[in-house]
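So the structure is just underneath, and the comments pick up after that.
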């Protein structure tokens, strides 16, 4: 009979083998929101530089992948529940850090830009974010996206 410590190690090893076998049973699921021009859908197929990079990286690692372009809220839900394994274009937030991991070095950094119409531009002097805040105007955002805490 195996000692309890050794028995636990053997059981853990067997569970690991079973999990690895399961993980290889399906392609790695990658989700992204359509984000032109880097990730778009043409004739029902995801294309773009981010898709090309993901395919190349995982191909070199010998990992089969499946990339799906879905609305952000669905991608987020799929990542949260484990239905998807990897997300493209996922910005960091404290909430997401509880179930997602980010590389130590940022792959990209986004800058937010305000767009307006001619009438609003003529009525306000928007030189920076502070001027926008002082004007107390309504600003549209994309639901589910994360923004700087000051925003």
Residue check, residue 121 against (1) outside any loop (DSSP other than H, G, I, E, B); (2) farther than 26 Å from residue 53 by Cα; (3) within 25 Å of the chain's Cα centre (by Cα), all met but one. Which one? (3)
Expected single match for under 30 Å from residue 79 (Cβ atoms), at pLDDT below 80 and surrounded by 10 or more Cβ atoms within 10 Å (Cβ to Cβ) among 126, 114 is 114
Right, residue 74: modelled with pLDDT of 95 or more and either farther than 19 Å from residue 107 by Cβ or not assigned by TED's automatic domain parsing to the domain that holds residue 94 (or both) or not? no
Flag if residue 137 is without any contact (Cβ under 8 Å) to a residue 12 or more places away in the chain and exposed (fewer than 15 other Cβ atoms within 10 Å of the Cβ): no
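The values are calculated or read from the model by the stated rules, or taken from the named source; none is laboratory data. Treat the numbers as computed from the prediction; the structure is a model and nothing was measured. Using ideal geometry, Cβ is built from the backbone for each residue, glycine included, and neighbour counts are taken over all protein chains shown.
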